[in-house]
1. From the list 171, 165, 134, 158, pick out the single residue that is closer than 25 Å to residue 110 by Cα, surrounded by 11 or more Cβ atoms within 10 Å (Cβ to Cβ) and at pLDDT below 95.
2. Please give the number of the condition residue 60 fails out of (1) over 27 Å from residue 121 (Cα atoms); (2) at pLDDT below 95; (3) among the hydrophobic types (A, V, I, L, M, F, W, C).
3. Quick test of your reading of the structure: residue 107 fulfils all but one of (1) in contact with a strand residue (DSSP E or B) (Cβ under 6 Å, 6 or more places away or on another chain); (2) not in a helix (DSSP H, G or I). Name the failing condition by number.
4. Tell me yes or no: at least one residue of the stretch 78-89 is open to solvent by less than 50 Å² (accessible area, probe 1.4 Å), over 20 Å from residue 21 (Cα atoms), modelled with pLDDT of 95 or more and touching a strand residue (DSSP E or B) at 6+ places or on another chain (Cβ under 9 Å).
5. For residue 155, indicate whether it is outside any helix (DSSP H, G or I), within 26 Å of residue 50 (Cα to Cα) and either small (Gly, Ala, Ser) or touching a Gly at 6+ places or on another chain (Cβ under 7 Å) (or both).
6. Looking at the stretch 1-18, which of its residues are within 22 Å of residue 49 (Cα to Cα), open to solvent by 70 Å² or more (accessible area, probe 1.4 Å) and not in a helix (DSSP H, G or I)?
7. Please go through the stretch 19-78 and give me each residue that is in a loop (DSSP other than H, G, I, E, B), polar (S, T, N, Q) and under 30 Å from residue 2 (Cα atoms), ordered by number.
8. Conditions: (1) out of contact with any Gly (no Cβ under 8 Å at 6 or more places or on another chain); (2) crowded, with 19+ Cβ neighbours inside 10 Å. Residue 94 meets all but one. Number of the miss?
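The values are calculated or read from the model by the stated rules, or taken from the named source; none is laboratory data. All values derive from a computational prediction rather than experimental measurement. Note that each Cβ is placed from the backbone with ideal geometry, even for glycine, and that neighbours are counted across all protein chains shown. Just so you know, the surface numbers come from the protein's heavy atoms only, side chains and all, with ligands and any DNA or RNA stripped out. Shrake-Rupley method; radii C 1.70, N 1.55, O 1.52, S 1.80 Å.
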Amino acid sequence: MPAPHIRRARSQDEQPLRRIDLETWSPLHAVSPPPGPDDPFFRDSCGPDAHLVAELDGAVVGYVRLGFPTPLASNTHVRQIRGLAVADSARGHGVGRALVRAAVEEARQGGFRRITLRVLGHNTAARKLYESEGFVVEGVQPEEFHLDGQYVDDVLMGQMLTPSGPGAAAGGALTT
């Protein structure tokens, strides 16, 4: 199978992305209730510009949602992966890895100093993927969520994208 093609989402991706969300929802990775069949995929603060999509043979098979960890100006130098999903039919074809790499590269090219994410402690496959792509555990919030009858840790992971120290950029754009 060919490598996935990664591109910026477009408004016409709404339906395939909604289908992926419905198909892949699980308490293994989701802390919110399952999406309703008519819930919009793109929302006010998470429109197409906040998503990269993966295509295989011209079909949308996954996405990564990017955003900021908080609305505070003091951490606009940090990009956050706020969602990642791959259609069941495309698993095992490098789609998730390609999306993570594209998110990291976009953040790096955008001049961000760090990229972070949150992953549930019991989501071993996702944690291994993130670790293999350079993310490290930066903290654990024990039993932060109660899902499907059990308490689950929230694992905070991150990766530095630019050097820190004297002369390094202090905001969202690199200086030369």
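1. On the way: 165 fails: surrounded by 11 or more Cβ atoms within 10 Å (Cβ to Cβ); 134 fails: at pLDDT below 95; 158 fails: at pLDDT below 95.
Just one listed residue meets the conditions, 171.
2. Result: residue 60 passes all but (2).
3. (2)
4. Pass one, the stretch 78-89, residues open to solvent by less than 50 Å² (accessible area, probe 1.4 Å): 78-81, 83-87.
Adding the requirement that they be over 20 Å from residue 21 (Cα atoms) leaves 78-79.
Narrowing further to those that are modelled with pLDDT of 95 or more: 78-79.
Going one step further and asking which of them are touching a strand residue (DSSP E or B) at 6+ places or on another chain (Cβ under 9 Å), we end up with 78-79.
Yes - at least one qualifying residue is present in the stretch 78-89.
5. Numbers: outside any helix (DSSP H, G or I): yes; within 26 Å of residue 50 (Cα to Cα): yes; either small (Gly, Ala, Ser) or touching a Gly at 6+ places or on another chain (Cβ under 7 Å) (or both): yes.
Taking the combined requirement at face value, the residue satisfies it.
6. Of all residues in the stretch 1-18, those within 22 Å of residue 49 (Cα to Cα) come to 4-18.
Okay, now just the ones that are also open to solvent by 70 Å² or more (accessible area, probe 1.4 Å), so 5, 8, 10-12, 15.
Scanning the stretch 1-18 gives 5, 8, 10.
7. Narrowing the stretch 19-78 to residues in a loop (DSSP other than H, G, I, E, B): 25-42, 44-45, 47, 57-58, 68-72, 76-77.
Still in the running and polar (S, T, N, Q): 26, 32, 45, 70, 76.
Once the filter is applied, which keeps residues that are in a loop (DSSP other than H, G, I, E, B), polar (S, T, N, Q) and under 30 Å from residue 2 (Cα atoms), the stretch 19-78 yields only 26.
8. All conditions are met except number (2).
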